[in-house]
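**Q** The following block contains the structure, expressed as structure tokens.
The values are calculated or read from the model by the stated rules, or taken from the named source; none is laboratory data. Predicted model only: the values in this text are computed from it and were never measured. For neighbour counting, all protein chains shown are included, and Cβ atoms are generated from backbone atoms with ideal geometry for every residue, glycine included. For accessibility, only protein heavy atoms count, side chains too; no ligands or nucleic acids. Shrake-Rupley method; radii C 1.70, N 1.55, O 1.52, S 1.80 Å.
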Amino acid sequence: MQTLRVIWLALVSLLLVELGFAQHGGSGTSVKELEAKLSTVSGVEKIKLLHQLTSKLAFQNVSSARNYAEEAFDLSKAIRNDSLIAESHYQLANVIAFTDNKGIAINNYLDALFLFREIESVSNQIKVLQVLGSINSQISEYEKASEYFFEALELSRKIGNERGEVFSLTKLGIVQQNLNDYSIAQRFLHDAIHKAQEIGDWGGESIALSEAGFLEERNGNFENAAEYYQKAINLFEDKGYQHAIPQLMFSLARVLKDEEHLNEALAVANEALVLSDSLGNKFLALHSLDEVAEIYEELGEINRSVEILEDGIKESEELGYTNTTYYLLNKLAHSYLNMNSLQGAESAALRGVDLAIAGNDWTIAENSLEVLIEVLKRQSKFQEATAGHERLLIVRDSIFDEERAKNMLEFEARFRVEEKEKEIATLQLENERRAYIQISLIGGLVLLVLIGFLVVRSQRLRIQRSKAELEVSKLKSQELARDLEFKNKQLTSQSLNMVQKNEMMEEMKEKVESLKKEGSSRELNSLSQLLDYSATLDEDWKQFQMHFEEVHTSFYHILKDRYPDLTPNEMRLSALVKLNLTIKEMAAILGISPDSVKTARYRLRKKLDINTEDNLTEFMLQLEKESLEVG
């Protein structure tokens, strides 16, 4: 439900704060009317009209909204109007943010902020800072988000923008929630609520109330949470803004469920579903069905829960809501598994996995695969379970790759922030120098000023070159650190893979022995084929050795150089000791018993001439350290 909460907050914030919805009665020019007017205007008026269309369509038709935003941007550049170019960057970023491409969105927001600072448009700086803070919160950059929101708060107070002050206080409360600082978050949100009540900002008050509810819910204060949610619902009802109510009602139902008021929770959730349908918000209605299904399940009506999920999946498929479809399929697979309906769980999990992978939703794919593997194990389909496990490892690799790409985008965004701030500082410095030159020219010291300017300029260029070289060196160091981290994760993943695979092999060997006693030749032949899978152990070890040598480049060399009598198996054992693996993990990887590992460690100590009281792992670490110093 975190995704829905983010979308809801973005929708309400945009409509209430930026567009001044507090005085908006629900009427206004429709999209069709605005589109019809486009052909009758040109220049600045047309660009502003395109901006209006972008805002209206951002939550309805992202593709059309982006086309209008890009057209406005091109026209703004053509007439060289910095204010409109900045606003076009902002509008385009708003649309791109809904495609979840936050790296590109942040770049556009930064371009907008840079131009708004250049033209000294404080009110527009505030709105961009607030959005940048929100996006940094979403990508868990909470410290950076706090900086943006504090700057927005200071600017709002500076120009007397009280609504902006309420919004910034609310956002700072949300950031502190994520930093798990309950008391500070509570203080910011209470300040926002009181300020909004003081100035009559019902929109800002409703958002702060809903976030205060979420804060209390997170901390287990369900009674307080329900009170805040209900106050926010009442505010929206009084002002006739129905679109924000269903999500708040689902939140209220969730709190009532946690308080074990299940019948009351069910009534509120069903009312929210009806309201969502009446407002045409099918996405929210379908995506929230899991909440309703969970309530039915806790009431003991698990068949009704399954029926709701199956109907929701069917409707989601008909409407083309692919992400909602595999989200509900994952929930359905869990429900069937809880019922011990293995065939239904297998079917739902398989469909959910395929759709989630097609949609690049690796987290849902991972969860559905875990359910599928559990179902196959219960059905004694060990070969298919093994195949599922291999697929799960691939999905987890994809999750890691996705996180790495996300981190790179975040790094790029942070780098762009620093670059933009440097550009602003450089421009300010240049303006100061120009003023100095003008004063000097008036005083008749043209030649002296020119020489001084050239000297200063030369020094500045040298400093800039030094800073640039330092930055390049820093980036290279960071890249090497990230590469080493990635290889370490590969090595850890490979080790875990070998442990899990060999443990499964041991389990199947035990099954073979059991079947031998029972005399089931057919099942015995099937399991024998599975045991042939162990032939890949050498290949697994080659992969492990490759990843190990990439991270610990000189370890094998110095070990073999100092102790040439070590056997290949002792070299392998040394590598596993170096990784500080447990006896059990070493046994699983080497395919021997834990007692055999202990014996092998004892023999290795003797060859390495290490006393029994000395730590073998620390010896290996010291050995690698010495190899690095020699290198």
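**Q** What shape does region 189-298 take by its C-alpha gyration tensor, where a ≥ b ≥ c are the square roots of the eigenvalues and a/c under 1.5 counts as rounded, a/b above b/c as prolate, and the rest as oblate?
**A** oblate
**Q** Quick one: of LYS331/LYS377; LYS56/LYS102; LYS56/LYS77; LYS584/LYS607; LYS37/LYS127; LYS32/LYS102, which pairs are farther than 26 Å apart, Cα to Cα?
**A** Violating the 26 Å limit, Cα to Cα: LYS37/LYS127; LYS32/LYS102.
**Q** Taking the Cα-to-Cβ direction at ASN340 and at GLU143 and moving 7 Å from each Cα, how far apart do the two end points lie in nm?
**A** Distance between label points: 5.2 nm.
**Q** Additional query: Just check region 150-208 against the gyration tensor rule for me: Cα atoms, a ≥ b ≥ c as the square roots of the eigenvalues, rounded for a/c under 1.5, and otherwise prolate or oblate depending on whether a/b exceeds b/c.
**A** oblate
**Q** Taking 7 Å along the Cα-to-C-beta vector as the label spot, tell me the ASN180-LEU319 distance in nanometres, rounded to one decimal.
**A** That separation, rounded to one decimal, is 3.6 nm.
**Q** Grab the Cα-Cα distance for ILE610 and GLN543, subtract it from 0.36 nm times how many residues apart they are, and report the gain in nm with one decimal.
**A** Gain on stretching ILE610 to GLN543: 21.1 nm.
**Q** A further question on this structure: Of all GluC sites (Glu not before Pro) in region 220-279, which ones are in loop regions per DSSP and have a Cβ with at most 15 other Cβ atoms within 10 Å?
**A** Hits after loop and neighbour filter: GLU259, GLU260.
**Q** Another question, then. With a 1.4 Å probe and every protein chain left in place, tell me how much accessible area LEU279 has, in Å² to the nearest 10.
**A** 50 Å²
**Q** Keeping all protein chains in the complex and leaving out DNA, RNA and ligands, what accessible area do you get for HIS557 with a 1.4 Å probe, in Å² to the nearest 10?
**A** 130 Å²
**Q** Which order do MET546, MET249 take by accessible area at a 1.4 Å probe, largest first?
**A** Putting MET546, MET249 in descending order of accessible area: MET546, MET249.
**Q** Let me ask something else about it. Keeping the other protein chains in place, figure out the carbon and sulfur percent of the accessible area of region 228-385, with a 1.4 Å probe.
**A** Answer for region 228-385 is 44 percent, counting heavy atoms of protein chains only.
**Q** With a 1.4 Å probe and all protein chains kept in place, how do GLU366, GLU307 rank by accessible area, largest first?
**A** GLU307, GLU366
**Q** Given a Förster radius of 22 Å and the C-beta distance between LEU461 and ASP82 as r, what FRET efficiency does 1/(1 + (r/R0)^6) yield to the nearest 0.05?
**A** 0.20
**Q** Compute the length gained on full extension between ARG304 and ILE437: take 0.36 nm times their separation in residues and subtract their Cα-Cα distance, giving the result in nm to one decimal.
**A** Contour length minus Cα-Cα distance gives 39.8 nm.
**Q** Could you tell me whether region 91-199 comes out rounded, prolate or oblate from its Cα gyration tensor? Rule is a ≥ b ≥ c as square roots of the eigenvalues, rounded for a/c under 1.5, then prolate if a/b exceeds b/c, otherwise oblate.
**A** It comes out oblate by the Cα gyration axes.
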